[in-house]
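> Attaching a single structure in structure tokens format; questions to follow.
The values are calculated or read from the model by the stated rules, or taken from the named source; none is laboratory data. These numbers were taken from a predicted model, which means no experiment stands behind them. No Cβ is skipped: glycine too gets one built from the backbone with ideal geometry, and neighbour counts run over all protein chains shown. Areas reflect the complete protein model, heavy atoms only, side chains present, ligands, DNA and RNA absent. Shrake-Rupley method; radii C 1.70, N 1.55, O 1.52, S 1.80 Å.
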Amino acid sequence: MTPADVSAALAAAVGAAEAPVSVRGPGVYASPVALRMGLDAEAVAERVRSRPGIQGVSVVRGLLVVRVEAGALAAGIVAEGPRYGAARVPRGEWREWPRTFANPGFCVRFAYARAAWVRRWAADLGVGAGEPVGYAGDELTLLGVLAEMPGRSAQAEREGDARVFQAYLERLAGAYHDVHEGCPALPRGDEKPGAVHAARVTLAEAARIALANGLYMIGETPRERI
């Protein structure tokens, strides 16, 4: 489930047009919707627990804390696909050169290119995207950063300032580079492709789409090769 899916489930439970959610960790979201509407949070939690994809709901100081399978976020992003459109915030200074990891502009563009590389090679090797389960360590960190994207993009549009959003994309790129290097999506040497590789292909594709959406948002067309 994406943050939008969690928000929609909460909104339906309270009969509201929308329900704000904030990211508390991979697969963990908090919402003040019950407090804001003066509703019994425990009663709302009970209604939300029965919704598909929800693993659990607790109440912490009036906030609804919703837990979902962390990997479901990756599947949700892949299902939605990239969102093309006009730039929504102006791009700040973000040079591509020098092409080193110390340069944020290159780091983000290269992260997209790396994820696109995984997509191409996975297709060539017959490693399809698989069920997004079994993630740990850096993979969970990446999922947590991916979950922040709706809130960060909304903030950038509201404030009309790309600097905070570009800083977010830099964190997202860094998290993906860690996963790309430490949790390879493709088998190495004589290794046979398995479920772990298929799950990582799904995660790489989710990162690719999120990075593409972020680049489109600041008026840049992502490139698969740089």
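> Out of curiosity, is S31 out of contact with any Gly (no Cβ under 6 Å at 6 or more places or on another chain), of a type in the set (S, T, N, Q), more than 26 Å from A199 (Cα to Cα) and surrounded by fewer than 13 Cβ atoms within 10 Å (Cβ to Cβ)?
no
> Moving to a separate point now. If I filter the range 1-12 down to residues being in a helix (DSSP H, G or I) and under 13 Å from the mean Cα position of the chain (by Cα), which single residue comes out as surrounded by the fewest Cβ atoms within 10 Å (Cβ to Cβ)?
A4
> Oh, and also: Within the range 43-79, which residues are part of a helix (DSSP H, G or I) and open to solvent by 100 Å² or more (accessible area, probe 1.4 Å)?
Those that are part of a helix (DSSP H, G or I) and open to solvent by 100 Å² or more (accessible area, probe 1.4 Å): E46, R47.
> Here is a further query. Could you run through the range 205-221 and say how many residues are open to solvent by 10 Å² or more (accessible area, probe 1.4 Å) and either within 16 Å of V145 (Cβ to Cβ) or at pLDDT 95 or above (or both)?
Selection size over the range 205-221: 3.
> Return the residues of the range 84-141 that are open to solvent by less than 50 Å² (accessible area, probe 1.4 Å), over 21 Å from the mean Cα position of the chain (by Cα) and under 17 Å from L203 (Cβ atoms); say none if nothing qualifies.
Matches in the range 84-141: V127 only.
> Sticking with this structure for a sec: Return the residues of the range 20-74 that are hydroxyl-bearing (S, T, Y) and more than 18 Å from R152 (Cα to Cα); say none if nothing qualifies.
S50, S58
> Tally the residues that are of a type in the set (A, V, I, L, M), closer than 21 Å to E148 by Cα and not in a helix (DSSP H, G or I), restricting the search to the range 29-42.
1
> Return the total of residues in the range 13-28 being open to solvent by 60 Å² or more (accessible area, probe 1.4 Å) and either of a type outside the set (D, E, K, R) or in a helix (DSSP H, G or I) (or both).
2
> If A79 satisfies every condition in (1) touching a Pro at 6+ places or on another chain (Cβ under 8 Å); (2) under 30 Å from G53 (Cα atoms) but one, which is the exception?
(1)
> Here is a further query. For the range 183-226, what are the residues that are within 14 Å of the chain's Cα centre (by Cα) and without any contact (Cβ under 8 Å) to a residue 12 or more places away in the chain?
Those that are within 14 Å of the chain's Cα centre (by Cα) and without any contact (Cβ under 8 Å) to a residue 12 or more places away in the chain: none in the range 183-226.
> Can you tell me how many residues within the range 168-198 are under 26 Å from F101 (Cα atoms) and assigned to a helix (DSSP H, G or I)?
Number of matching residues: 16.
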